[in-house]
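A short write-up of the structure that comes next.
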Amino acid sequence: MEKDRLVRVRDHIPNIYVDLPYATADNFTGVKMYDFKDAYLRYGTVLKLKAAEEQVEKAGYRIKILDAYRPAAAQFVMWEAMPDDDFVADPRRGFSKHTRGSTVDVTLVDREGREVPMPSPFDDFSGGAKRVYDKTEPEAKRNILLLEAAMEAAGFWPYVNEWWHFNDHDIYPVLEAPDFVLE
C-alpha cells in the first residue's frame, strides 16, 4: 500500500482506542466538526503509530486517539473559536498538519481503555498543556514521558504547546477531500 494513502487506523491497529471529541459538539468549539466517528491517517503515519502502540503496550498501556485526519473546513471553525497560534493553526496561513492526515492527538489509557493521569486535560489552553513538566504530578509526568518516548522512537515529533499532539516526520499535502467516504 502507498504510504500517502489515507486509511482507517483501526484497519491496521485493531486494538487502538479511538474517541474523537470533534466528531461531537463536546469540544472547545461547541460544534460538531466532522461526521465520521473513526480515525484516519496516512498509511505511513499509521505504521509509525503502530510501532508506538507496540512500545506502550509492553509497559501495560494502550494509545487512545483523540484527533487524527481533520477536514480543512474544520480548521476554520477551530480558528474562529480559538484564534491563538499556540493552539490552533490559522487556516489563512496554512492548514494544520491534521488536514494532511499525518498528525495525531493521543493519550495513554490502561488495557481496559481508562485514561491515565496526564499533565492536563485534552484541549486545555493553559500552561498545563505545554511540554514543560516541572509542575506536573509524578504519575502524569511518567505517563507523558513514556508516551513521548514511544512516539518519538516511532518517527513523530511532539508539538511544544500541546502534550497530546504528535507530527509525523514525513510531510504530506493537505487533503481537501479524501478519495473515499469516511465512516
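The values are calculated or read from the model by the stated rules, or taken from the named source; none is laboratory data. All of these numbers come straight from a predicted model, not from anything done at the bench. Reconstructed Cβ throughout: ideal geometry from the backbone, glycine too, with neighbour counts over all protein chains shown.
Here's a check for you: in the range 35-56, which residue that is part of a loop (DSSP other than H, G, I, E, B) and more than 15 Å from the chain's Cα centre (by Cα) is farthest from Glu152 (Cα to Cα)? Step by step, filter the range 35-56, then rank; the result is Asp35.
Considering the conditions (1) within 19 Å of Asn143 (Cα to Cα); (2) acidic (Asp, Glu); (3) surrounded by fewer than 16 Cβ atoms within 10 Å (Cβ to Cβ), Glu53 is excluded by exactly one of them, (3). Checked against the criteria, Tyr133 does not count as surrounded by 15 or more Cβ atoms within 10 Å (Cβ to Cβ), under 25 Å from Phe36 (Cβ atoms) and not aliphatic (A, V, I, L, M). Looking only at the range 91-116, residues that are loosely packed, with under 15 Cβ neighbours inside 10 Å and out of contact with any Gly (no Cβ under 9 Å at 6 or more places or on another chain) come to 6 in all. Do we have any residue at all in the range 13-34 that's closer than 18 Å to Gly101 by Cβ and among the charged types (D, E, K, R)? No, every residue in the range 13-34 fails to be closer than 18 Å to Gly101 by Cβ and among the charged types (D, E, K, R).
Out of all the residues in the range 24-40, which are buried (at least 20 other Cβ atoms within 10 Å of the Cβ) and either touching a Phe, Trp or Tyr at 6+ places or on another chain (Cβ under 6 Å) or free of Cβ contacts under 8 Å to residues at least 40 places away in the same chain (or both)? Listed by number, the residues that qualify are Met33, Tyr40. Scan the range 104-159 residue by residue and report those that are at pLDDT below 95 and hydroxyl-bearing (Ser, Thr, Tyr). Correct list: Ser120, Ser126, Tyr133, Thr136, Tyr159. Among the numbered conditions (1) within 19 Å of Met151 (Cβ to Cβ); (2) crowded, with 18+ Cβ neighbours inside 10 Å, the only one that Lys58 does not meet is (2).
Taking the criterion of being surrounded by 17 or more Cβ atoms within 10 Å (Cβ to Cβ) and small (Gly, Ala, Ser), the residues of the range 136-167 that qualify are Ala140, Ala150, Ala154, Gly155. None of Ala74, Ala51, Ala68 is in contact (Cβ under 8 Å) with a residue 60 or more places away in the chain and in contact with a helix residue (DSSP H, G or I) (Cβ under 8 Å, 6 or more places away or on another chain) except Ala51.
If I filter the range 72-83 for residues that are surrounded by 13 or more Cβ atoms within 10 Å (Cβ to Cβ) and touching a strand residue (DSSP E or B) at 6+ places or on another chain (Cβ under 6 Å), do I get at least one hit? So far as the range 72-83 goes, no, none of its residues is surrounded by 13 or more Cβ atoms within 10 Å (Cβ to Cβ) and touching a strand residue (DSSP E or B) at 6+ places or on another chain (Cβ under 6 Å).
Residues that are under 21 Å from Glu53 (Cα atoms), touching a strand residue (DSSP E or B) at 6+ places or on another chain (Cβ under 8 Å) and in a loop (DSSP other than H, G, I, E, B) within the range 86-122 comprise Gly101, Ser102, Arg111, Gly113, Val116, Met118, Phe122, listed in sequence order.
Within the range 132-148, being closer than 24 Å to Ser96 by Cβ, part of a helix (DSSP H, G or I) and among the aliphatic types (A, V, I, L, M) holds for Ile144, Leu147.
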